[in-house]
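Take a look at the structure below.
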Amino acid sequence: MSEEKGYQQKPRPMRPMRGRGMPVPKGAIKKGTLGRLLKTVFKYYKWQMLFIFLCIIINAMGSLVSSVFVQSLIDDVIEPGVAQGFDAVAGTLLSIVLTMSGIYLTVIIAGFFWHRIMATVTQGMLYHLRKDMFTKMQTLPIKYFDTHAHGDIMSTYTNDTDACRQLIGQSLPTLFSSSITLLASVGFMLWNSLWLFAVVLLCTVAMTLVVKIIGGNSAKFMVAQQTSLARAEGFVEEMMKGQKVVKVFTHEERAKEDFDKLNTQLYQDSQRAHKFGNILGPILSNIGNFTYVLLAIIGGLLYTLGAKNIGISSIFFGIETLSIGTIVAFLGMSRNFTQIVNQMSQQVSMIAMGLAGASRAFTLMDQESETDEGYVTLVHAVRNEDGTLSETEHRTGLWAWKHYHKADNTTTYTELKGDIVLENVDFGYVPEKQVLSGVSLYAKPGQQIAFVGATGAGKTTITNLINRFYDIADGKIRYDGININKIKKSDLRRSLGIVLQDTNLFTGTVMENIRYGRLDATDEECIAAAKLANADDFIRRLPDGYDTLLTNNGSNLSQGQRQLLSIARAEVADTPVMILDEATSSIDTRTEALVQDGMDKLMHGRTVFVIAHRLSTVRNSDAIMVLDHGKIIERGTHEQLLEQKGTYYQLYTGAFELE
């Protein structure tokens, strides 16, 4: 952005640690993230989620029916059928089959609605999450974007929200369904046999220890993977943006080395996360197989010995011997139980990754918004016969500051003229390093004030303070006699036009990009602004003229043409104050003359701040401020400063000699 705050944007160390990998910072997943995410989902889809939970419960209970069906089939049909003849149990068999058919049909319908509605909820939740993040992002101060990699922010919109999608749409429903099934399975086993349940319980303890050890490591590295992925994407975005610079300085090999380090770190974290996640399933499956065999052996021994079976059912129906149906049902239930534990363990890493993504998204939304205590607003005005101003809803070309005075409950209107005064302004981007010290200056309506000086002297910082991109540490800035801290930021910035050294064109037509300066501007006003900026000629030579589509920051235009469009956009805004931050630095001499001609026309009745290294562009300024290390060391007109033979004289004559 500005050269004088470049010191603040220190490159963060991005070399991956070798060996055990990058440690996950404490608090990588904020406490209460899951509850906040569920609260957000229920905020938009309360009834849909309740219906989904009902369908999940039906679906989960239906998965247990097969074991109950087998037990009932053996104990109530097969054994009696062998002893009494199958004709005697035909009615029972038909009843069981019809009951099971009805249950399975209900399960199928519940599963259908579950997944269909969940698709709507999941995608709708992503819509609201991205919308909330983008809305929040519009309220963040410039400082946030200066101190966070753009690729890292983009990763929040893509990878982190996708992790949230998987968490909401797959992991949490699976976990809930598995928990219901698990509880029902435990209830079934306790009801039928405490002896066989004890065997399952011992094996469950072993499974729990395995999940805690291996699953915990998987979750830890899943979180690290999200962080590494964001860093890698941030680096790629930076390299894509600076591809020309990379090639000009033959930095390809070094860029590849740096990316390899980041990519290696991402590989290590991902490999560790998925390694632990992938070995967890086979281990649990083998424990389940061992449980199955052990249950078959113990159940067979108990049946052979005619051991008494004890379960919760014994309280109601008395103690009986262990039946074959109970053993077979237990075997099926144990297999189902093992699969559920395995299924839940597989979701541990996915849940951790989803929570990490949600935490990063909520971190963005929890950033402190740009504060604005201003109460002076900008309104359309008309001049009364007695010379006073009155507010109107219609655009009149006359603007006024509406200032409400709470002390005496009155409202005054001050004409917007563009009179700016800085009084002993001190400022630093960070408290320990001051950028501006005791800066005082004034700019009357219609004056052109130029700032010159070495890189980092504080030129752009002054304009950032006038826009209130940052707030001053001490001193005052007055706009038409009003302290700018009292003016609402949106109204303040609406009264200022700015053209930066780095152009920013958006995807859209040429006309739409010019109209970005004032959305209610007509086509005629946009064309007039383009003519004033001397951009009309090249625009009409484009394939579709003003309807030509611009993409990728106007890459199909030259740097000079992009700058002319930026100037036209500022002109159509029709603001009383214009800030030109190296606006002509990327324009050739002939184009500069055209732009300067357009700017001279625009100067009438407006205050203009010009930041320029090319001193030939500021010779006609009403006042030139020479800055050095955040202080104004010289001020005056071009002729006055040359007569002083100070810093400006050295800069000008040196530049002239170089020309």
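The values are calculated or read from the model by the stated rules, or taken from the named source; none is laboratory data. Only a predicted model underlies this, so the values are computations on that prediction, with no experimental measurement involved. Because the Cβ atoms are built from the backbone with ideal geometry, glycine has one as well, and the counts that use them run over all protein chains shown.
Candidates in segment 343-385 are the residues that are at pLDDT below 85 and not hydrophobic (A, V, I, L, M, F, W, C); of these, the one that is farthest from Leu416 (Cα to Cα) is Gln343. Look at segment 542-555: where a residue is within 18 Å of Asp523 (Cβ to Cβ) and in the same structural domain as Ala530 (by TED's automatic domain parsing) and a partner is in a loop (DSSP other than H, G, I, E, B) and not polar (S, T, N, Q), sitting 6+ places away or on another chain with Cβ atoms under 8 Å, you get Thr548/Leu542; Leu550/Leu505; Leu550/Phe506; Leu550/Leu557.
Looking at segment 106-117, can you tell me whether even one residue there is at pLDDT 75 or above, more than 25 Å from Leu37 (Cα to Cα) and surrounded by fewer than 14 Cβ atoms within 10 Å (Cβ to Cβ)?
Yes, some residue in segment 106-117 is at pLDDT 75 or above, more than 25 Å from Leu37 (Cα to Cα) and surrounded by fewer than 14 Cβ atoms within 10 Å (Cβ to Cβ).
Select, from Thr461, Thr455, Thr503, the only residue that is within 21 Å of Ala568 (Cα to Cα), in the same structural domain as Gln563 (by TED's automatic domain parsing) and not aromatic (Phe, Trp, Tyr).
Details: Thr461 fails: within 21 Å of Ala568 (Cα to Cα); Thr455 fails: within 21 Å of Ala568 (Cα to Cα).
One residue alone meets the criteria, Thr503.
Counting only strands (runs of 3 or more DSSP E) that sit wholly inside segment 407-505, those with at least 2 residues that are of a type outside the set (A, V, I, L, M, F, W, C) and crowded, with 16+ Cβ neighbours inside 10 Å are 410-415, 448-453, 474-479.
The set of residues in segment 432-479 being more than 37 Å from the chain's Cα centre (by Cα), modelled with pLDDT of 90 or more and farther than 17 Å from Val608 by Cβ consists of Gly438, Val439, Ser440. Taking Phe221 as the residue in question, decide whether it is of a type in the set (Phe, Trp, Tyr), closer than 30 Å to Thr321 by Cα and surrounded by 19 or more Cβ atoms within 10 Å (Cβ to Cβ). Taking the combined requirement at face value, the residue does not satisfy it.
Taking the stated definitions as given, is Ser490 small (Gly, Ala, Ser) and either within 22 Å of Asn620 (Cβ to Cβ) or under 34 Å from the mean Cα position of the chain (by Cα) (or both)?
Numbers: small (Gly, Ala, Ser): yes; either within 22 Å of Asn620 (Cβ to Cβ) or under 34 Å from the mean Cα position of the chain (by Cα) (or both): yes.
The answer is yes for Ser490.
Considering Thr139, Thr158, the condition of being closer than 18 Å to Gly357 by Cα, among the polar types (S, T, N, Q) and assigned by TED's automatic domain parsing to the domain that holds Ile58 is satisfied by Thr158 alone.
Inspect segment 522-536 for any residue being in a loop (DSSP other than H, G, I, E, B), at pLDDT 90 or above and under 25 Å from Thr414 (Cα atoms) and give the result as yes or no. Even if it seems obvious, please write down each step before you answer.
The initial filter retains those residues of segment 522-536 that are in a loop (DSSP other than H, G, I, E, B), namely 522, 533-535.
Checking which are at pLDDT 90 or above leaves us with 522.
Now narrow it down to the ones that are under 25 Å from Thr414 (Cα atoms): none.
No - not one qualifying residue is present in segment 522-536.
The number of residues in segment 248-280 that are surrounded by 14 or more Cβ atoms within 10 Å (Cβ to Cβ) and over 27 Å from the mean Cα position of the chain (by Cα) comes to 5. Only a single item in (1) buried (at least 23 other Cβ atoms within 10 Å of the Cβ); (2) modelled with pLDDT under 80; (3) hydroxyl-bearing (Ser, Thr, Tyr) is not met by Thr589, and it is number (1).
Just for segment 30-55: of the residues that are aliphatic (A, V, I, L, M) and closer than 22 Å to His128 by Cβ, which one is surrounded by the fewest Cβ atoms within 10 Å (Cβ to Cβ)? Lay out the reasoning, then the answer.
Step one: list which residues in segment 30-55 are aliphatic (A, V, I, L, M), which gives 34, 37-38, 41, 49-50, 52, 54.
Now restrict to residues that are closer than 22 Å to His128 by Cβ: 34, 37-38, 41, 49-50, 52.
Details: Leu34: 17, Leu37: 23, Leu38: 13, Val41: 21, Met49: 18, Leu50: 11, Ile52: 21.
Among residues in segment 30-55 that are aliphatic (A, V, I, L, M) and closer than 22 Å to His128 by Cβ, the one surrounded by the fewest Cβ atoms within 10 Å (Cβ to Cβ) is Leu50.
Counting only residues that are hydrophobic (A, V, I, L, M, F, W, C) and farther than 25 Å from Ala163 by Cβ, segment 350-376 holds 1 of them.
Within segment 521-533, residues that are in the same structural domain as Gly545 (by TED's automatic domain parsing) reach no partner that is surrounded by 21 or more Cβ atoms within 10 Å (Cβ to Cβ) and hydroxyl-bearing (Ser, Thr, Tyr) with beta carbons closer than 6 Å at six or more positions or on different chains.
Residues are listed down the side, and each one gets a yes or a no for (1) closer than 16 Å to Gly332 by Cα; (2) not β-branched (Val, Ile, Thr):
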{"site": "Thr158", "(1), (2)": "no, no"}
{"site": "Cys164", "(1), (2)": "no, yes"}
{"site": "Leu167", "(1), (2)": "no, yes"}
{"site": "Leu172", "(1), (2)": "no, yes"}
{"site": "Leu183", "(1), (2)": "yes, yes"}
{"site": "Met189", "(1), (2)": "yes, yes"}
{"site": "Ser193", "(1), (2)": "yes, yes"}
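The single condition among (1) out of contact with any Ser or Thr (no Cβ under 9 Å at 6 or more places or on another chain); (2) at pLDDT 80 or above that Leu266 does not satisfy is (1). Filtering Thr321, Thr304 for residues that are more than 27 Å from Leu209 (Cβ to Cβ), at pLDDT 80 or above, surrounded by fewer than 15 Cβ atoms within 10 Å (Cβ to Cβ) and among the polar types (S, T, N, Q) leaves a single hit, Thr304.
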